[in-house]
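To start, the structure itself, in structure tokens.
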Amino acid sequence: MNAGRRARRLQEFLLTLPSFFWLSLFFLVPTVLVFILAFRPADPFGGIGQGWTTATIRSLADPQYLAIAWRTLWVSAVSTGLCLLLAVPTGYAVARASERRRNTILMLVIVPFWTSFLIRVFAWKSILHPEGFIKKALEFLGVVDPSTQLLYNLTAVILVTVYTSLPFAILPIYAAAEKFDYRLIEAARDLGARPFQAFRKVFLPGIRQGLITAVLVVFIPDLGSYIIPDIVGGPGNELLGNKIAQRVFVDRNLPLAGGLSIVLILAVLAPLLSVLVLQGKKGGTQPPPGNAAS
Amino acid sequence: MKRSRFPYIVTAVVLVFFYLPILILVIESFNASRFGGAWRGFSFRWYARLFHEPAIWQAAKNTLLIAVSVTCLSLILGTMSALALHRFAKSRIQRFHYTLIYTPLVVPEILMGISLLMAFVAVGVRLGMLTIVLAHATFCISYVALTVLGRLQDFDFTIVEAARDLGATSWTATRRVLLPMLAPGLAAAGLIAFTLSLDDFVITFFVAGPGAETLPLHVYSMIKHGATPLINALSTLLLAVTFTTIFLSQRLNKSGALEGGQ
């Protein structure tokens, strides 16, 4: 028996080692490195200098960066809210559709996820463009003035963010809505609840887990948004991601890019930890949020 | 009780919202007009122009080379990882292992890009094709591992036990029974890794060096420097590739479901 157990241990070790080693080397260590290198001075050739300094971290208190951090949070929060508003009815509709129809709609929701992110953002740039389809259509309908600029503002950033994040919100909400027992809504209605009351007091709490997952998988990646503000946002509407990229590609100051990344990491950790703490209090070890991608 | 039509209307609107921009982009790629907007007649001229851009073909070659290497690497590492996660699910090591596999999926891409760039610079690795492959494999492992793990959880292990009862060693049973039956799942995971590598921009942007331009990087520089009709044509071609890939993986999924038998 002992030999069998040892063989099992060896097998576990051999199967685990490669991915464990790889992810430690290329994910864990680099992440820790960001925290260390932010305390190194930059060297003039775009590399990392010798010695230690806290100047980089102190320079982050610059009002310019605070404004950008705030804008990043705001854009992510509004986009997440809008995604939920669209994803809850959609998730419900998909869960209640016939099986055939459900598979078709799910497929249609997933396909955009697989198409190039860059191309989808570019598609929006060209239709919001002054000569683009949406602009012309809205002008024709008399909704906007020919001089209105649809591109290069925060609304465009939020619109495209919602566009790219929405599938991630729909999938976990659908997954939760599919498991929901709809007799509960009928019961609430029988007991005199109006449709909206039944929806708010019975359905929403029933799909709570799906809502939490949706918020996490939309809000967190949105915090690191970079392509969208870069392509449809214009210079006045940069987010944290743009600042990080500028420090890397424009003035090649890696430590400062590292400092800004720390801010981003903290912003990412805050919602994750608060969900973990909240769920811990509720008792019971919930499995980690389902993987929206697979 | 009459159900509200509202959710169905929202769903229809959402689907139009999803596909309208893509559809317009595809239509525009056949527009003869240089500046988009007004329709100047159907034309393949932008596709023809693509063939005279050697940079695009070089970028396509690089992208494919990277995607194939990444697919192989992440399939091997990800499948081993899924087997460990599944077989030793109760062990403490595997709980940490699972967190390590799961976290790259929730971390914003830009953080992965910047941290890998810093690691490569700190160690003094020259940025190029190799660094792109290393970076892509890092996030593809997680997708492969979780996809294969999902398949393993639905897998009927009595067949493997039968093989063991008939005298197969653990390794033989894995190699001759488990892996062949898992093949459609592995193929689907491989396609996911392939597509992700093919499409990745943000991480690639950070870890790419001179002479290692991929298609998304090229598309990005085209977006930055004008040339709209050409991007439309190139994008349409790339969309066609992605749609074909999805179609294939869907087929594999279906055959996988039949064989897996819940």
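Nothing in this text is a laboratory measurement; each read-out follows from the coordinates by a stated rule. All of these numbers come straight from a predicted model, not from anything done at the bench. Note: ideal-geometry Cβ built from the backbone for every residue, glycine included; neighbour counts use all protein chains shown.
Could you work out which residue, out of A:Ala55, A:Ala87, A:Ala187, moves most in a Gaussian network model of chain A, that is, has the largest mean-square fluctuation with Cα springs under 10 Å?
Ranking A:Ala55, A:Ala87, A:Ala187 by mean-square fluctuation puts A:Ala187 first.
Please find the FRET efficiency linking A:Gln64 to B:Phe44, where r is the Cβ-Cβ separation and R0 is fixed at 51 Å, and quote it to the nearest 0.05.
Approximately 0.60, to the nearest 0.05.
Tell me, what is the percent relative contact order of segment A:72-229, built from C-alpha pairs under 8 Å that lie six or more residues apart? Before the final figure, lay out each step's value.
Numbers: 146 pairs, mean separation 56.6, N = 158.
The value is 36 percent.
Give the angle, between 0 and 90 degrees and rounded to the nearest 10, that separates the Cα long axis of helix B:228-260 from the longest principal axis of the Cα atoms of chain B.
That works out to roughly 20 degrees.
Give the distance, in whole Å, between the Cα centre of segment A:202-224 and the Cα centre of segment A:229-277.
Segment A:202-224 and segment A:229-277 have Cα centres spaced 22 Å from each other.
Under the Kirkwood approximation for Rh and a Cα-based Rg, what ratio Rg/Rh is obtained for segment A:171-289? The partial results should precede the final answer.
On the way: Rg = 20.4 Å, Rh = 17.4 Å.
Dividing the radius of gyration by the Kirkwood radius yields 1.17.
What do you get for Rg/Rh of segment B:49-260 when both radii come from the Cα atoms and Rh is the Kirkwood radius? It would help to have the intermediate numbers written out before the result.
Details: Rg = 19.7 Å, Rh = 18.9 Å.
Rg divided by Rh gives 1.04.
If you average the sequence gap of Cα pairs under 8 Å that are 6 or more apart and divide by the length of chain B, what percent do you get for the contact order? Intermediate results must be reported in sequence, preceding the final value.
Working: 274 pairs, mean separation 80.2, N = 262.
It rounds to 31 percent for chain B.
Please find the FRET efficiency linking B:Ser221 to A:Leu266, where r is the Cβ-Cβ separation and R0 is fixed at 35 Å, and quote it to the nearest 0.05.
Working: r = 32 Å, r/R0 = 0.93.
Efficiency computed from Cβ-Cβ geometry: 0.60.
Counting Lys +1, Arg +1, Asp -1, Glu -1, what net charge surrounds A:Thr213 among other residues with beta carbon under 14 Å of its beta carbon? Don't skip to the end; give the middle numbers.
Working: positive: A:Lys179, A:Arg208; negative: A:Glu178.
So the environment of A:Thr213 carries a net charge of +1.
When the chain is fully extended, how far beyond the present Cα-Cα distance does A:Leu106 get from A:Ala187, taking 0.36 nm per residue of separation?
Numbers: separation 81, 0.36 × 81 = 29.16 nm, distance 2.87 nm.
Additional length available on full extension: 26.3 nm.
A:Ile48's amide H: which non-local residues (gap 5+, or another chain) put their own amide H closer than 5 Å, with H modeled 1.01 Å from N in plane and none for Pro or chain starts?
So A:Ile48 has HN proximity to A:Asp43.
Would you list B:Leu217, A:Leu66 from fewest to most Cβ contacts within 10 Å? Don't skip to the end; give the middle numbers.
Values: B:Leu217 20, A:Leu66 12.
Fewest-to-most ranking of B:Leu217, A:Leu66: A:Leu66, B:Leu217.
Relative contact order of chain A: what whole-number percent is it, with Cα pairs under 8 angstrom and at least 6 residues apart? List each step's numbers first, then the result.
Numbers: 296 pairs, mean separation 73.1, N = 294.
RCO, chain A: 25 percent.
Got a sec? How would B:Leu111, A:Leu138 order by Cβ neighbour count within 10 Å, fewest to most?
If I rank by nearby Cβ atoms, fewest first, I get A:Leu138, B:Leu111.
Provide, as a two-decimal number, the C-alpha radius of gyration of the protein assembly as shown over 2.2 N^0.38 Å, N being how many residues it has. Write down the numbers at each step before the final one.
Numbers: Rg = 24.6 Å, N = 556, 2.2 N^0.38 = 24.3 Å.
Normalised by 2.2 N^0.38 Å, the Cα Rg of the protein assembly as shown equals 1.01.
Residues with beta-carbon under 13 Å from that of B:Ala162, excluding B:Ala162: net charge, scoring Lys, Arg +1 and Asp, Glu -1?
Details: positive: B:Arg164, B:Arg176; negative: B:Asp156, B:Glu161, B:Asp165.
Spelling it out: positives minus negatives among the neighbours equals -1.
Given a 10 angstrom Cα cut-off, can you work out which residue in A:Leu108, A:Leu17, A:Leu84 is the most mobile in a GNM of chain A?
Comparing A:Leu108, A:Leu17, A:Leu84 in the GNM, the peak value goes to A:Leu17.
Pick from A:Trp74, A:Trp124, A:Trp22: which residue has the top mean-square fluctuation in a GNM of chain A where Cα pairs under 10 Å get a spring?
Ranking A:Trp74, A:Trp124, A:Trp22 by mean-square fluctuation puts A:Trp22 first.
To the nearest 20 Debye, how big is the dipole of the protein assembly as shown about its Cα centre, given +1 on the beta carbon of each Lys and Arg and -1 on that of each Asp and Glu? Each step should come with its number before you reach the end.
Numbers: 47 positive and 26 negative charges, 250 e Å.
Dipole magnitude for the protein assembly as shown comes out near 1200 debye.
Which three semi-axes in whole Å describe the equivalent ellipsoid of segment A:25-179, each the square root of 5 times a Cα gyration tensor eigenvalue, listed largest first? Working shown, then result.
Working: eigenvalues 301, 132, 46 Å².
Those come to 39, 26, 15 Å.
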